[in-house]
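Would you mind keeping the following structure in view while I ask a few things?
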Amino acid sequence: MSDVLAVAEHRRGDLRDVSYELVTAGRELADATGGDLHVAVISGDTEKFADELNREGVDFIHTVSEGEEFNHDVYAQAVEALHAELDPEVLVMANSVNGLDFAPAVANRLDLSLATDAVGFEYDDGLEVTREMYGSKVETTVEVGGDRTAVTIRGVEWPAADGVGDAEVAEFDVDIDTDAGSTVTGFEEVGGGDVDISEADFIVSIGRGIEEEENLDLIRDLVEATDATLSSSRPIVDNGWLPKNRQVGQSGKVVTPDVYLAIGISGAVQHVAGMKGSDTIIAVNTDPNAPIFDIADYGVVGDLFEVVPELIEEFE
Amino acid sequence: MKVLVTVKEVAEVADDFEIAGTEVDERYLEYDLNEWDDYAVEEAVQLKEDGPADEVVTVTIGPERADETIRMALAKGADRAVRVWDDALEDVDLLDVETKTNMLAAVVEEEDPDLVLSGVQAGDDAFGATGVSLADHLGFQWGAVVNALDYDHEAGVAHVHRELEGGVEELTDIELPAVLTIQTGINEPRYASLRGIRQAQSKEIAPKTLNDVGLDADAVESDLTLTSMYEPESESDAELFEGDAGETAGRLAEVLREKGVAE
């Protein structure tokens, strides 16, 4: 078979954006392989999700009604069974936290070649994916061998599918062992507390470039002189130098201030996901190749320990 | 209980570098303990210090050069190490997840741990998939992207938080034996003490070949082939301010005033 199977993702009642991106990526692959695009949606309100996923380019939607929220045991078993039924050439999933909690297990049990975190595809006789290495410093193309492959795609790299499709929707019956050993017991919101950085108009954000915790005082002085709100990239919070509610990025807050001043932040994709909607982005970084400059409107290639003291002086 | 930690030595690339063929030129690489694995080692060592773990063993896929990195993990408190490598791997430029799974699984089966901790991903190839693949291969339970771990020794259950996107954590109970992939920030990795570094010198690093762990060369045939490597084209259209620190700060201040966010 030359079909493609995409597995949608949802959380707490809503499809996640990447689900529509999976439809686009899946359609791209199905056009290349000359097959149909199947979309699987597992758990939760599958009827509603199937309706929402019925966008242009989708040929079949398979629903599996088992449980409410993502659970890797349910997903792995459901996808394994669907794969056996459909025998798709390519299985495409999200390179998300939940995607990475079931995709490798599915690839293992079905003996599929696995390429994760794809940012692009080429398809000639077989699949070739584009992916990054060394923290986005290089891009690579990787030939994915084998005749049955699995790929996870990075979010926001493919546009969301739109339009209304005429997919055939059907419930897929599968016996799922719900006693496989992992139980999701709840969710917890993190990052509450004294300040909501997503409300700020002007954010000064600090990253690894600050080097030492003591040096944060310099940034605090700038924040005070300019009446800004302080945030950071992940490593600063990982180090315990700032609380979780100050973290901007995929696992932290999404911010859209008038001005986002990124100091000593390289601009990893996970960070950019949290701030690219800012009206104006300014970057100060020693590395002229830092990806933060790709999305910055203004920049200084220079040493923050020289530039920031001068900047403070401007406002004192 | 016995805890196994997967430890990878990763290459870090200098700010300025050159690519030769499908590799970054060796001159621009520095080798270090994978950042995520540092947190996994710390979590394992804490499990030993807090009581539940009797022994912490690290397992590494890598050439002899990696011993230096493995010593760092031993200096931080791991008891001993296993390192698997083979001449058959020298020419493979991208080990796929299945290959790593096969190699690590062979060691896990020999060591028979209750819990395997692995970093969420490696800083170099960043597949982020080996831990979960390994679990499924072994018939272990698993949890990906764990940023809090509370182990209930009596029940043999790990109560974990999985760090989802957007500031939400999933609370999950996972039955052992299990593989957990550990996210940065779960703890504060220690620096090795001088005493630890001294002790590490006499700890065992057992080198093993594929044959030693019961695998043949077929088990390491990678499905993935690296066909090209290049520097991504800069999409930057940023206006870069030049000059000394005073001048650039002056221009930045102008922008901030123009946008009306600072006076």
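Just checking the output field for B:250-260: average partner chain Cβ neighbours within 10 Å of each residue's Cβ?
Numbers: counts 4, 3, 11, 7, 2, 6, 13, 2, 2, 9, 4.
Rounded to a whole number, the mean comes out at 6.
Let me ask something else about it. First select every other residue whose beta carbon is under 9 angstrom from the beta carbon of B:ALA158; then total the charges, Lys and Arg +1, Asp and Glu -1.
-4
How many angstrom lie between the C-alpha centres of segment B:62-88 and segment A:169-248?
Comparing the Cα centres of segment B:62-88 and segment A:169-248, I get a distance of 33 Å.
5 Å is the cut-off here: which amide hydrogens, built 1.01 Å from N in the peptide plane, fall below it relative to B:LYS208, excluding neighbours closer than 5 in sequence?
B:ARG83, B:VAL84, B:TRP85
Could you tell me whether segment A:197-315 comes out rounded, prolate or oblate from its Cα gyration tensor? Rule is a ≥ b ≥ c as square roots of the eigenvalues, rounded for a/c under 1.5, then prolate if a/b exceeds b/c, otherwise oblate.
Rounded is the answer for segment A:197-315, as its axis ratio a/c remains below 1.5.
Among DSSP beta bridges lying fully in chain B, give the percent that are antiparallel, nearest 5.
So the antiparallel bridges in chain B amount to around 45 percent.
Hey, got the average number of other protein chain Cβ atoms within 10 angstrom for residues in B:131-144?
Across B:131-144, the average partner-chain Cβ count within 10 Å equals 5.
At a 10 Å Cβ-Cβ cut-off, how would you order A:VAL58, A:VAL223, fewest neighbours first?
Listing A:VAL58, A:VAL223 from fewest to most nearby Cβ atoms yields A:VAL223, A:VAL58.
Give the separation of the Cα centroids, segment A:112-141 to segment B:229-244, in Å.
Taking the Cα centre of segment B:229-244 as reference, the centre of segment A:112-141 is 24 Å away.
Dipole of segment B:52-191, Cα-centred, from +1 at each Lys and Arg C-beta and -1 at each Asp and Glu C-beta, to the nearest 20 debye?
With Lys and Arg at +1 and Asp and Glu at -1, about 420 debye.
Whose amide H sits under 5 Å from the amide H of A:THR229, counting only residues 5 or more places off or on another chain, with H placed in the peptide plane?
Placed amide hydrogens put A:PHE202, A:ILE203, A:VAL204 under 5 Å from A:THR229.
Explain nothing, just the number: relative contact order of chain A, from Cα pairs under 8 Å at least 6 residues apart, as a whole percent.
Answer for chain A is 14 percent.
Can you give the angle from 0 to 90° between the axis of helix A:99-110 and the longest principal axis of chain A, with both taken from C-alpha atoms, to the nearest 10?
With rounding to tens, the tilt is 30 degrees.
Now a separate question. Tally Lys and Arg at +1 and Asp and Glu at -1 over the other residues with C-beta under 13 Å from the C-beta of A:ILE197: what net charge comes out?
Result for the neighbourhood of A:ILE197: -1.
Order A:28-34, A:243-249, B:152-158 from most to least packed using the mean count of other Cβ atoms within 10 Å.
Ranking, from highest mean packing down: A:243-249, A:28-34, B:152-158.
Taking the Cβ of A:ASP36 as the centre, find all other residues whose Cβ is under 11 Å away and add up their charges (Lys, Arg: +1; Asp, Glu: -1).
-4
Between segment A:22-79 and segment B:105-164, what is the separation of their alpha carbon centroids in Å?
27
Normalised by the number of residues in chain B, what is the relative contact order in percent for Cα pairs under 8 Å and 6+ residues apart?
Result for chain B is 24 percent.
Same structure, new question: In whole Hz, what ³J(HN,Hα) sequence does segment A:70-76 give by Karplus (6.51, -1.76, 1.60; θ = phi - 60°), x for Gly and Pro?
3, 9, 5, 5, 5, 4, 4
Exposure proxy check: B:LEU164, B:LEU47 ranked by fewest other beta carbons within 10 Å?
Values: B:LEU164 24, B:LEU47 20.
Exposure proxy ranking, most exposed first: B:LEU47, B:LEU164.
Are any of the pairs A:LYS253/B:LYS100; A:LYS137/A:LYS244; A:LYS137/A:LYS253 more than 32 Å apart by Cα-Cα distance, and if so, which?
Over 32 Å Cα-Cα: A:LYS253/B:LYS100.
Could I ask something else about it? Quick one: helix A:17-33 against the long Cα principal axis of chain A, what's the angle to the nearest 10°, folded into 0 to 90?
Compared with the principal axis, the helix lies near 50 degrees.
As I understand it, the value is the acute angle between the Cα axis of helix B:245-258 and the longest principal axis of the Cα atoms of chain B; what does it come to in degrees, rounded to 10?
Its long axis makes an angle of about 80 degrees.
If you take each beta carbon of peptide B:117-129 and count the beta carbons of other chains within 10 angstrom, what is the mean?
Average per residue, whole number: 5.
How much of the DSSP bridge set in the protein assembly as shown is antiparallel, in percent, rounded to the nearest 5?
In the protein assembly as shown, approximately 40 percent of DSSP beta bridges are antiparallel ones.
Which of B:GLY77, B:GLY51, B:GLY167 moves most in a GNM of chain B, Cα contacts under 10 Å?
B:GLY167
What ranking do A:PHE293, A:PHE202, A:PHE60 get, fewest neighbouring Cβ atoms within 10 angstrom at the top?
A:PHE60, A:PHE202, A:PHE293
Which loop GluC sites (Glu not before Pro) in segment B:25-112, with loop taken from DSSP, have no more than 16 other Cβ atoms within 10 angstrom of their Cβ?
Counting only loop positions with at most 16 other Cβ atoms within 10 Å, the GluC sites (Glu not before Pro) in segment B:25-112 are B:GLU90.
Taken together, the values in this text are just the output of simple stated rules run on the coordinates, not laboratory data. Computed from a predicted model, the values in this text were never measured in an experiment. When we count neighbours, we look across all protein chains shown, and the Cβ atoms used for this are built from the backbone with ideal geometry, even at glycine.
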